[in-house]
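Report on the following structure.
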Amino acid sequence: MRKIILGLAISLGSLAFAQEKTETKSKSPITFGVKGGMNISSHTNGNEDNYYWSKYERNAKIGFNAGVFVNIPISGKFSVQPEILYNGLGSKIKSSINFDIPSARMDNKETLSLSYLSVPVMLQYNLLPELYVEAGPEFGFLLGGKSKGDFTQTSNIDGSSSTQSYSDKIAMSMFNKFNFGIGIGTGYYFTQNLAVTARFTAGLTNVYNYGNSDAVRNNAFQVGLAYKFK
């Protein structure tokens, strides 16, 4: 809870600071908008060991993001853009284990989907009136998630196999409810109101409530559209 309050306090502080700067240094109006798009998310893990008897790998999955933003000019070319987004993150996991007794192999294909309420606070710089670059922190709060996949057991003797499917909600106690990352991105307004956007956010906190050296972190590449009301 303290992490949530801290994240919101920083966001509100940025809004207040930016609004004060706006009043004194910029004649450009504060604008509001909506945005949404596709996420290509993955999980980094610095200690994924593969042996002759087991393999484990994480791959990217597709999700989406959607939400609202406010753009606050603070000088001629700089602005601050806080956002509130629904963010669908996660990864696809493949693993296999070979057993001597019984002589069989267990394969698992799992899609881990995690839902976050994300609060990015981006500092934007206009390279051109239509083109900007941005960077800033992102605070995320875990809303829930689902684990869905298939277990397949294959006999190493006769090659017979059986598959069992599963779909379960995640155990929230196993996951870190706060996520922090740093984002960099760009956007281009091809009309006065409509822009195409792209952003990469690298996570800095562990997705799970355990592990240090082998921490699993959220990464996401986002592409989408933004509509600014004027």
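The values are calculated or read from the model by the stated rules, or taken from the named source; none is laboratory data. Computed from a predicted structure; not experimentally measured. Cβ sites come from the backbone with ideal geometry, for glycine too, and all protein chains shown count toward neighbours.
Below, the figures for the structure above:
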item: Odd one out for G224, checked against (1) buried (at least 18 other Cβ atoms within 10 Å of the Cβ); (2) under 17 Å from G90 (Cα atoms); result: (2)
item: Considering residues of the range 69-97 that are surrounded by fewer than 16 Cβ atoms within 10 Å (Cβ to Cβ) and more than 22 Å from I40 (Cβ to Cβ) only, the residue nearest to the chain's Cα centre (by Cα); result: K77
item: Which numbered condition V119 fails, given (1) touching a helix residue (DSSP H, G or I) at 6+ places or on another chain (Cβ under 7 Å); (2) surrounded by fewer than 18 Cβ atoms within 10 Å (Cβ to Cβ); result: (2)
item: Test set (1) closer than 18 Å to K77 by Cα; (2) among the aliphatic types (A, V, I, L, M); (3) in contact with a helix residue (DSSP H, G or I) (Cβ under 7 Å, 6 or more places away or on another chain) - L131 fails condition number; result: (3)
item: Within the range 190-230, tally of residues that are outside any strand (DSSP E or B) and in contact with a helix residue (DSSP H, G or I) (Cβ under 9 Å, 6 or more places away or on another chain); result: 2
item: Test result for E130, charged (D, E, K, R) and surrounded by 14 or more Cβ atoms within 10 Å (Cβ to Cβ); result: no
item: Per-region count, the range 113-128, residues assigned to a loop (DSSP other than H, G, I, E, B) and touching a residue at least 60 places away in the same chain (Cβ under 8 Å); result: 0
item: Counted residues, the range 165-208 - those being exposed (fewer than 14 other Cβ atoms within 10 Å of the Cβ), of a type in the set (A, V, I, L, M) and either touching a Pro at 6+ places or on another chain (Cβ under 8 Å) or farther than 23 Å from N219 by Cα (or both); result: 1
item: Count of residues meeting criterion [of a type outside the set (G, A, S), over 23 Å from L85 (Cα atoms) and part of a strand (DSSP E or B)] in the range 139-170; result: 10
item: Qualifying residue in the range 171-189 (condition: in a strand (DSSP E or B), touching a Lys or Arg at 6+ places or on another chain (Cβ under 6 Å), modelled with pLDDT of 95 or more and aromatic (F, W, Y)); result: yes
item: Failed item, numbered, when A66 is tested on (1) at pLDDT 95 or above; (2) more than 18 Å from the chain's Cα centre (by Cα); (3) surrounded by fewer than 17 Cβ atoms within 10 Å (Cβ to Cβ); (4) not hydroxyl-bearing (S, T, Y); result: (2)
